[in-house]
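Chemist: Below you'll find the structure I mean.
The values are calculated or read from the model by the stated rules, or taken from the named source; none is laboratory data. In this text, all values refer to a predicted model and were calculated from it rather than measured experimentally. All Cβ positions, even for glycine, are placed from backbone atoms using ideal geometry, and neighbour counts span all protein chains on display. Just the protein is used for accessible areas: all its heavy atoms, side chains included, with ligands, DNA and RNA removed. Shrake-Rupley method; radii C 1.70, N 1.55, O 1.52, S 1.80 Å.
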Amino acid sequence: MAAKLRKGDKVVVLAGKDKGKEGAILSVDPSAGKAVVEGVNMAIRHTRQSQTEQGGRLPKAVPIQLSNLALLDSNGKATRVGFREEDGKKVRFAKTTGETV
């Protein structure tokens, strides 16, 4: 099945402690159905100091379920994603505006 949300997409969180927050997708794991979004679902990770990096308590974005994310359309509203064929290619489009993503 084609991916409705991809790396680099601007999304909004629909549910959970970060509901309403927006950010760009940094990575997607389709088999687990999760994505990492910048600035969303942050957790504190304790890291040991190394020669190149300062250690301590560092905030890190952890994966969030794809079902809790929605793509942002050109108006800045949450939208669902559909597929259609244009010029023989399968493309994604925003259901609210009909624009190609």
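Chemist: Mind counting the residues in the range 1-23 that are open to solvent by less than 80 Å² (accessible area, probe 1.4 Å) and over 13 Å from Ile64 (Cβ atoms)?
Modeler: Residues flagged as open to solvent by less than 80 Å² (accessible area, probe 1.4 Å) and over 13 Å from Ile64 (Cβ atoms) within the range 1-23 amount to 5.
Listed here are the residues, each with its yes/no results for (1) of a type in the set (Ser, Thr, Tyr); (2) at pLDDT 95 or above; (3) out of contact with any Phe, Trp or Tyr (no Cβ under 6 Å at 6 or more places or on another chain).
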{"residue": "Val11", "(1), (2), (3)": "no, yes, yes"}
{"residue": "Gly23", "(1), (2), (3)": "no, yes, yes"}
{"residue": "Leu26", "(1), (2), (3)": "no, yes, yes"}
{"residue": "Pro30", "(1), (2), (3)": "no, no, yes"}
{"residue": "Val37", "(1), (2), (3)": "no, yes, yes"}
{"residue": "Pro63", "(1), (2), (3)": "no, yes, yes"}
{"residue": "Asn75", "(1), (2), (3)": "no, no, yes"}
{"residue": "Gly88", "(1), (2), (3)": "no, no, yes"}
{"residue": "Thr96", "(1), (2), (3)": "yes, no, yes"}
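Chemist: So how many residues does the range 77-101 have that are outside any loop (DSSP other than H, G, I, E, B) and more than 12 Å from Lys10 (Cα to Cα)?
Modeler: 13
Chemist: Something else: Going through the range 1-53 one residue at a time, which ones are free of Cβ contacts under 8 Å to residues at least 60 places away in the same chain, small (Gly, Ala, Ser) and either out of contact with any helix residue (DSSP H, G or I) (no Cβ under 7 Å at 6 or more places or on another chain) or not in a loop (DSSP other than H, G, I, E, B) (or both)?
Modeler: Ala3, Gly8, Gly20, Gly23, Ala24, Ser27, Ser31, Ala32, Ala35, Gly39, Ala43, Ser50
Chemist: One residue is enough: does the range 10-17 have a residue meeting the conditions farther than 23 Å from Glu99 by Cβ and either of a type in the set (S, T, N, Q) or in contact with a strand residue (DSSP E or B) (Cβ under 8 Å, 6 or more places away or on another chain) (or both)?
Modeler: Yes, because at least one residue in the range 10-17 is farther than 23 Å from Glu99 by Cβ and either of a type in the set (S, T, N, Q) or in contact with a strand residue (DSSP E or B) (Cβ under 8 Å, 6 or more places away or on another chain) (or both).
Chemist: Here are the criteria: (1) over 16 Å from the mean Cα position of the chain (by Cα); (2) within 25 Å of Gly98 (Cβ to Cβ); (3) among the aliphatic types (A, V, I, L, M). Tell me which single one Ala43 does not satisfy.
Modeler: (2)
Chemist: Has the range 61-76 got at least one residue that is surrounded by fewer than 13 Cβ atoms within 10 Å (Cβ to Cβ), touching a Leu at 6+ places or on another chain (Cβ under 9 Å) and either in a loop (DSSP other than H, G, I, E, B) or of a type in the set (Gly, Ala, Ser) (or both)?
Modeler: Yes, because at least one residue in the range 61-76 is surrounded by fewer than 13 Cβ atoms within 10 Å (Cβ to Cβ), touching a Leu at 6+ places or on another chain (Cβ under 9 Å) and either in a loop (DSSP other than H, G, I, E, B) or of a type in the set (Gly, Ala, Ser) (or both).
Chemist: Would it be correct to say that Val28 is open to solvent by less than 90 Å² (accessible area, probe 1.4 Å), under 19 Å from Lys95 (Cβ atoms) and touching a strand residue (DSSP E or B) at 6+ places or on another chain (Cβ under 7 Å)?
Modeler: no
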